[in-house]
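Below is one structure, written out as structure tokens, with a few remarks after it.
None of the figures in this text is laboratory data; all of them are computed from the coordinates on show. Remember, predicted model here, so these are calculated numbers, not experimental data. Cβ placement follows ideal geometry from the backbone for every residue including glycine, while neighbour counts extend to all protein chains displayed.
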């Protein structure tokens, strides 16, 4: 089984979530990497691997930010790239893989 997800390791205020949605980050799963490992184990999967794709994805979001000319998006990019909720601090993109043996 392979899946990718965008996780938030702590609750994000509604107004911040709305700003993130305005720039295209429409979904966050409130969980940790350990939660995913436990869920996969509970589902009977073995050889579970979790890869943090955040550094790669962050580069893409930074490129989008620099190309974006819509003033209303400025706040959303601020939260995603420069706040306490930023990528790599609270928000992570993960790749999860496990095998059913």
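Order these by the 10 Å Cβ neighbour count, fewest first: 42, 22.
Arranged by neighbour count, lowest to highest, 42, 22 become 42, 22.
Pulled fully out, how much extra length does the chain show between residue 18 and residue 66, if you take 0.36 nm times their separation in residues and subtract their Cα-Cα distance?
Once the chain is fully extended between residue 18 and residue 66, it gains 15.2 nm.
What is the helix-to-structure angle for 33-42, meaning the angle in degrees between its Cα long axis and the longest Cα principal axis of the chain, kept from 0 to 90 and rounded to the nearest 10?
So the helix axis and the longest Cα principal axis differ by about 30 degrees.
How far, in degrees from 0 to 90, does helix 54-67 lean away from the longest principal axis of the Cα atoms of the chain, to the nearest 10?
Value to nearest ten degrees: 20.
Testing the spin-label approximation: label points 7 Å from Cα along Cα→Cβ at residue 101 and residue 2. State their distance in nm.
Inter-label distance under the simple model: 2.1 nm.
At a Förster radius of 22 Å, what calculated FRET efficiency corresponds to the Cβ-Cβ distance of residue 26 and residue 46, to the nearest 0.05?
0.10
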